[in-house]
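Undergrad: The structure follows.
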Amino acid sequence: MSQNRRQFLSALGATSVAGAIATGQVNAQVPQPVRSTPATARKPTDRELSGKVAIVTGARNNLGRGFAVALARQGANVVVHYHREATKNQAEETARLVRQQGAKAILVPGDLSRVANIKRLFDETNTAFGRVDIVVHSAGSLVKKPMAEITEAEYDRVAGINSKGTFFIMQEAIRRIADNGRIINVGTSLLASTIGNYSAYAGTKAAMEDFTRALAREIDWKRNITVNTIAPGPVDTPFFRDPESPEAIAAITRLAGRLGSIEDIVPLVEFLASPQSRWVNAQTIFINGGYVTR
Ligand SMILES: NC(=O)c1ccc[n+]([C@@H]2O[C@H](COP(=O)([O-])OP(=O)(O)OC[C@H]3O[C@@H](n4cnc5c(N)ncnc54)[C@H](OP(=O)(O)O)[C@@H]3O)[C@@H](O)[C@H]2O)c1
């Protein structure tokens, strides 16, 4: 196992793939992703985000936790957002892993489909750290059903966070973010690979791409703030796995070659958060092992 791989697993509370499975990081039921150290991975010693403050939404576990720990490893202090009080213990574990990287962490809960909670998230960030430099919006919600069966309540739940929440998080971010800031949304590769039963999820996430382009166009380029959306393919987390049948997982895995892992996605966010990404702006960047070819 490579040094970087060992450090990443250790940061997530596991020391091996088996350990990761045991801690619920990886599902034993589906083919396991091949994990190797990507060329873009930064060394833990770089700490090029020292002095910066990052908000990561939906960071109680999974991708959000991976982003939070990676940004902390680069030196950023992290605001760990989580949705529901029932998951506070998971968010506390993310905060512990952030602090293990030598960074500071605070926890802020809340339903981000409500603008008041978005403002509170930024207010508490300001109270604790006095600034915000990086916003990674990883919170999202899924309903997988035929369009004919989706209820108004289900639509409102996913649209509330995937579209409305995204819009107002971006609005609050641009009101408060420091020069050289980074706004990074987590979208979906379904934008470019329409398959049945994801209409409300993919359709409400699709707004991210447009909001991203629109906001990037409105920012004075001299401020060096970038706004981008990443569009991951199927990543082996419960978010992807829970609504799928074993047959569907097998079919998707065939198309993607393999399922993605949290470690496959994190380096892209690390790069977008870094100073090196300064000329990457207004983009939707697909990351899926070739699952879609847009
Ligand atoms: N896993 C994949 O295959 C995949 C692929 C492409 C894109 N993505 C995107 O990646 C992001 C992270 O997914 P993940 O796989 O890491 O799953 P995850 O851990 O379940 O992430 C989703 C997070 O969003 C939170 N959330 C949901 N509704 C919210 C609301 N109204 N207000 C605030 N927070 C809310 C969830 O909290 P609760 O669970 O407590 O509600 C959860 O922490 C999502 O935006 C997802 O759409 C995932």
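Undergrad: Just need a number here: residues in the stretch 174-192 that are away from the ligand (no atom under 15 Å from the Cβ) and not in a loop (DSSP other than H, G, I, E, B).
TA: 4
Undergrad: While we're looking at this one, here's another question. Checking the conditions here, which among R175, R182 is charged (D, E, K, R), over 29 Å from A248 (Cβ atoms) and surrounded by fewer than 24 Cβ atoms within 10 Å (Cβ to Cβ)?
TA: Testing whether each residue is charged (D, E, K, R), over 29 Å from A248 (Cβ atoms) and surrounded by fewer than 24 Cβ atoms within 10 Å (Cβ to Cβ) leaves just R175.
Undergrad: Inspect the stretch 62-80 for any residue being at positive phi, within 14 Å of the ligand (Cβ to nearest atom) and surrounded by 18 or more Cβ atoms within 10 Å (Cβ to Cβ) and give the result as yes or no.
TA: yes
Undergrad: Here's something else I'd like to know. Would you please list the contacts, defined by Cβ atoms under 8 Å and residues six or more apart or on different chains, that run from a residue in the stretch 140-168 that is over 16 Å from F239 (Cβ atoms) and more than 10 Å from the ligand (Cβ to nearest atom) to a residue that is among the small types (G, A, S) and part of a loop (DSSP other than H, G, I, E, B)?
TA: Every condition considered, the pairs that remain are P146/G196.
Undergrad: Only one of V98, V135 is part of a strand (DSSP E or B), more than 13 Å from the ligand (Cβ to nearest atom) and either crowded, with 20+ Cβ neighbours inside 10 Å or over 17 Å from the mean Cα position of the chain (by Cα) (or both). Can you tell me which?
TA: Going through V98, V135 in turn, just one is part of a strand (DSSP E or B), more than 13 Å from the ligand (Cβ to nearest atom) and either crowded, with 20+ Cβ neighbours inside 10 Å or over 17 Å from the mean Cα position of the chain (by Cα) (or both): V135.
Undergrad: Another question about this same structure. If you go through the stretch 205-245 one residue at a time, how many are farther than 22 Å from R294 by Cβ, surrounded by fewer than 17 Cβ atoms within 10 Å (Cβ to Cβ) and away from the ligand (no atom under 16 Å from the Cβ)?
TA: Of the residues in that region, 6 qualify.
Read-outs: derived from the displayed coordinates by stated rules, not from any lab. For clarity, every value in this text was computed on a predicted model and none was experimentally measured. Here Cβ is always computed from backbone atoms with ideal geometry, including for glycine, and neighbour counts include all displayed protein chains.
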